[in-house]
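Here the structure comes first, spelled out in structure tokens, and everything after it is commentary.
The values are calculated or read from the model by the stated rules, or taken from the named source; none is laboratory data. Keep in mind the model is a prediction, meaning the values are calculated, not measured. Note: ideal-geometry Cβ built from the backbone for every residue, glycine included; neighbour counts use all protein chains shown.
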Amino acid sequence: MTERQHGAQSDDEIPTRQPVLEMNHVSKNYHARGMSRRLLDNVIHASAKRYQGQRLALDDVSLSLKSGECLAIIGESGSGKTTATRILLGLLAPTAGSLRYRGKQAPMHSTEWKRLRRESSMIFQNPYSSLDPRWTVRQSLKEAVSLRFGRGLDPSSVEARSLKILDTVGLDGRVVIDRYPIDLSGGQAQRVAIARAIIDEPEILLADEPMSAVDVTARVQILHTLQEVRTIQGASLSMIFVSHDIGMVQHIADRIVVLRQGRVLEQGSCAELLNHPQHPYTMELLKAASL
Ligand SMILES: Nc1ncnc2c1ncn2[C@@H]1O[C@H](COP(=O)(O)OP(=O)(O)OP(=O)(O)O)[C@@H](O)[C@H]1O
Ligand SMILES: [Mg+2]
């Protein structure tokens, strides 16, 4: 557990880096299902207790992603990890609090928010949901390149770029490029999804439980792929890695944030958290670690 893992960076190096993405005092309330906004407002004013009956998914959460680092967000199911990541990528508006990108406020639809959307990519839990079943791997990768660089690119350079990126994620491009998602194993499909997410050279890569839908062997391959991506991209890529398993994240993260019931319980460098966890809940997560 204490050994420094491939892909993670020196503890001395990270604190000096600038935050690239920050969430400040963010709370998120989901409306109770089936309740109109007006009715909900009446309920809120009528009873503070009922107000708590809404789903408070995040409660005053502050965290920051530094340039070039990998930040892990861990916690049990329902702790607010996906909500936090969707807010961090500007896909969901917070109920309270703010988001900053590259030192500037980035409310939804602002210039900074558009820049964040353009410069970030996401890998989802289920790889088949992020790949169009009607498209071959070649078409999926071509689409991702076109979105970033326009459709006027020379087809041979798109093909070369696609083969190179498939090689980066550990797949033989000549074998998989003409396959449809249904013809790929879960691990292969997730690696194609990673290739698709990084082919347009994002500044921020967010992976939400990227290994939980595949078998153990494929998990290790995906972890190695993400470590490799970090090594190749270096300081130009900042990554957020979401998991319920602290055993997984220790192999890739520089820092860890522990969420529980929508609140940050503790955060610190990977080594600090693994060797000197402060909270009993973090100790429980360590006991349940898989790798
Ligand atoms: N769209 C929604 N509407 C209402 N409640 C929601 C919605 N999305 C999430 N929630 C609730 O918010 C809380 C946090 O959910 P979230 O999906 O962020 O947790 P998570 O840590 O990602 O969980 P998991 O590990 O299961 O993916 C949960 O109580 C969940 O039921
Ligand atoms: Mg989730």
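For the condition more than 16 Å from ligand 2 (Cβ to nearest atom) and within 19 Å of LEU21 (Cα to Cα), what is the one hit in ILE194, ILE198, ILE232, ILE182?
Only one candidate passes the filter, namely ILE198.
Does any residue of the stretch 271-280 turn out to be over 27 Å from GLY78 (Cα atoms) and either in contact with a helix residue (DSSP H, G or I) (Cβ under 9 Å, 6 or more places away or on another chain) or among the polar types (S, T, N, Q) (or both)?
no
Listed residues LEU99, LEU92, LEU116; which is part of a strand (DSSP E or B) and farther than 23 Å from GLN190 by Cβ?
LEU99
For ASP59, only one of the following conditions fails: (1) more than 15 Å from ligand 1 (Cβ to nearest atom); (2) farther than 30 Å from ALA189 by Cβ. What is its number?
Condition (1) is where ASP59 drops out.
Filtering the stretch 202-213 down to residues that are assigned to a loop (DSSP other than H, G, I, E, B) and within 16 Å of ligand 2 (Cβ to nearest atom), which residue is surrounded by the most Cβ atoms within 10 Å (Cβ to Cβ)?
PRO210
Can you say whether ALA289 is touching an Asp or Glu at 6+ places or on another chain (Cβ under 7 Å), modelled with pLDDT under 90, more than 24 Å from ILE87 (Cβ to Cβ) and not in a strand (DSSP E or B), as far as the supplied structure shows?
So ALA289 passes the test.
Of the numbered conditions (1) buried (at least 18 other Cβ atoms within 10 Å of the Cβ); (2) touching a Ser or Thr at 6+ places or on another chain (Cβ under 9 Å); (3) not acidic (Asp, Glu), SER121 fails exactly one; give the number of that condition.
Condition (2) is where SER121 drops out.
One residue is enough: does the stretch 141-164 have a residue meeting the conditions part of a loop (DSSP other than H, G, I, E, B), under 23 Å from the mean Cα position of the chain (by Cα) and either farther than 17 Å from GLN221 by Cα or in contact (Cβ under 8 Å) with a residue 24 or more places away in the chain (or both)?
no
Among the residues of the stretch 190-238, what is the count of those that are at positive phi and free of Cβ contacts under 8 Å to residues at least 24 places away in the same chain?
So the answer is 0.
Tell me, please, whether a residue that is more than 29 Å from ARG219 (Cβ to Cβ), at pLDDT 95 or above and away from ligand 2 (no atom under 16 Å from the Cβ) can be found in the stretch 63-79.
No: zero hits.
Only one of (1) in a loop (DSSP other than H, G, I, E, B); (2) within 16 Å of ligand 1 (Cβ to nearest atom); (3) of a type in the set (D, E, K, R) is not met by ASP132, so which one is it?
Of (1) in a loop (DSSP other than H, G, I, E, B); (2) within 16 Å of ligand 1 (Cβ to nearest atom); (3) of a type in the set (D, E, K, R), only one is false for ASP132: (2).
Please enumerate the residues belonging to the stretch 88-118 that are within 16 Å of ligand 2 (Cβ to nearest atom), under 22 Å from ARG196 (Cα atoms) and either of a type in the set (Gly, Ala, Ser) or surrounded by 16 or more Cβ atoms within 10 Å (Cβ to Cβ) (or both).
Listed by number, the residues that qualify are LEU88, LEU89.
Condition first: hydroxyl-bearing (Ser, Thr, Tyr) and within 16 Å of ligand 1 (Cβ to nearest atom). Now tell me which residues in the stretch 100-129 satisfy that.
SER129
Determine whether the stretch 231-253 contains at least one residue that is in contact with a strand residue (DSSP E or B) (Cβ under 6 Å, 6 or more places away or on another chain), surrounded by fewer than 23 Cβ atoms within 10 Å (Cβ to Cβ) and part of a helix (DSSP H, G or I).
no
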